[in-house]
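Below is one structure, written out as structure tokens; comments come after it.
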Amino acid sequence: MAGHLLPEGGMFAFLAEHRRELFPDELFADLFATGRGRPSVPVEQVASVLVLQTLHGLSDREAVEALTFDPRWKAACGLAVTDAGFHPTTLTYWRRRLAASDRPGRIFEAVRAVVTQTGALAGRHRRALDSTILDDAVATQDTVTQIIAAIRRVGREVPGASEVITAHARAHDYAQAGKPRITWDDETARAELVDALVSDAHRILGHLPEQELGPRAAEAVGLLALVAGQDVEPAEDSDGRDGRWRIARRTASDRVISVVDPDTRHAHKTRNQRRDGYKAHLVVEPDTGIITATTLTPAAGPENSDAAVGIDLLAGPRRFEVLGDSAYGSGDMLAALAQAGHRAVIKPWPLHSPVPGGFTVDDFTVDEIAGAVTCPHGVTASISPTRQVTFGARCRGCPLIARCTTSKTGRMLRLRPHDALQRAHRAAARDPEFIEVYRRHRPMVERSIAWLTRGNRRLRFRGVALNDLWLAHRAAALNLRRLLALGLHRRSTGAWALA
């Protein structure tokens, strides 16, 4: 009754007409194989709701309300005006099955197949890499809260643990909600509480019965061991063997910040901007704005850095001109791109000098064959097995020392493993053509990042798997909307095409 009112070329009208072709039954058949039941709701209907939900940034309940009361959603998903929507837990059920399947990103893949068939990316040989921090769905917890919550979780998940906690934990009544009642502005009281909680955790771990643990119980025990050790160190006058602890005077590099969502992390997108959550990594075709690959990782850790993740997202037989900011300019990334046959149009890492405006590492001539480095004054020093170059006494009396170093022991260099490759890349980055390509095409990826995060900066789920699934669905919805803006339609032959 309302389908004719939907504007042509919009997402609602497209799904109303083509959802079955886009999301056929066989796309989800493995989720409901023999022994796993059958879908109670048509697959193209649920897939359409998932796409619309992520496009509009709605919760499960809000999405089902829209399906029940909004004629546009009803027309898009094939419901009559008087039809009721399904229960919100249906979306939770589908997401869990998708996340646990062999192909969790199949909705994104279905849209990507449409992109391929239209030829929207044919002949486009550039790919831009970027990432953004997405805020987590939980509250950051302090050390006291984490230890108490972890002990409670062990009591719930591990057989026999509740008896162990009752018998050996003395710092707090873990059956009671909330924090212990102490004078929180008293530094001594806080220190005594931390010491007692850590001691409780160690006693509990030491007295748990020997048994084979299931995945949830094993995760609970491992999490307790982690949070009981990541933020503490031996007390000031302790040798570490007397069981006395205090809050550590440093921060663990990969610190768990919430036992409710152990995968979330502190992140520094810039030096002065700290946020908590996950990092969304994207590969974008800069001219069309179409997202060709995504993944979501914890926001911290060297294995989750832009450079480490970026090369994996480019896996495949095609060779590209890869654009990225200096976060992708590591030696390992440049080496991996060169080995894969890509051309790196990446902003180089900035060089620093010990003296403002003085000599940088590029002012030194490196001879890898001879294993030596020559300074701007013509003095040569050898490269050590650890790739360290020490000029030392050779700097005495040098007329250029004021522009080179402030150290009394002379200039020292530490060469990176891919120093030659990075030097060559920095030289290429000074070429006007390189600069023109970077300035013209690299900023376009920011547009796709803005589309991704518009109204969706905070995630709704816990853990990498479910949030990665959300990211894939969001990218699929954005790509489909972008294709519609480019004139997506279905020919009489059944093939997808652009205007």
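The values are calculated or read from the model by the stated rules, or taken from the named source; none is laboratory data. Predicted model only: the values in this text are computed from it and were never measured. When we count neighbours, we look across all protein chains shown, and the Cβ atoms used for this are built from the backbone with ideal geometry, even at glycine.
Specify the residue that is farthest from residue 437 (Cα to Cα); the eligible residues are those in region 329-369 that are of a type in the set (A, V, I, L, M, F, W, C) and part of a strand (DSSP E or B).
First, the residues of region 329-369 that are of a type in the set (A, V, I, L, M, F, W, C): 333-338, 340, 344-346, 349, 351, 355, 359, 361, 364, 366, 369.
This time we only want the ones that are part of a strand (DSSP E or B), so: 344-346, 366.
On the way: 344: 11, 345: 8, 346: 10, 366: 29 Å.
Top of the filtered list is 366.
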*Taking only region 400-419 into account, find how many residues are part of a helix (DSSP H, G or I) and farther than 16 Å from residue 382 by Cα.*
3
*asked:* Here's a check for you: in region 424-447, which residue that is surrounded by 11 or more Cβ atoms within 10 Å (Cβ to Cβ) and of a type in the set (Lys, Arg) is nearest to the chain's Cα centre (by Cα)?
replied: 447
_What are the pairs with Cβ atoms under 7 angstrom where one residue, in region 136-156, is farther than 22 Å from residue 461 by Cα and in contact (Cβ under 8 Å) with a residue 60 or more places away in the chain and the other, located anywhere, is among the hydroxyl-bearing types (Ser, Thr, Tyr) and part of a loop (DSSP other than H, G, I, E, B)? Sequence gap at least six, or different chains._
151/174
_I'd like to verify a number: residues in region 414-423 that are surrounded by 16 or more Cβ atoms within 10 Å (Cβ to Cβ) and either polar (S, T, N, Q) or in contact with a helix residue (DSSP H, G or I) (Cβ under 6 Å, 6 or more places away or on another chain) (or both), how many?_
3
_Tally of residues being at pLDDT 95 or above and in a loop (DSSP other than H, G, I, E, B) across region 126-140_ = 0
_For region 295-326, which positions are closer than 18 Å to residue 254 by Cα and in contact (Cβ under 8 Å) with a residue 12 or more places away in the chain?_
296, 297, 298, 299, 300, 301, 304, 305, 306, 307, 308, 309
*Across region 77-98, what is the number of residues that are buried (at least 19 other Cβ atoms within 10 Å of the Cβ) and in contact with a Gly (Cβ under 9 Å, 6 or more places away or on another chain)?*
2
*Which one of 396, 411 is of a type outside the set (Ser, Thr, Tyr) and surrounded by fewer than 17 Cβ atoms within 10 Å (Cβ to Cβ)?*
396
_Residue match in region 34-56 (condition: surrounded by fewer than 17 Cβ atoms within 10 Å (Cβ to Cβ) and not in a loop (DSSP other than H, G, I, E, B))_ = yes
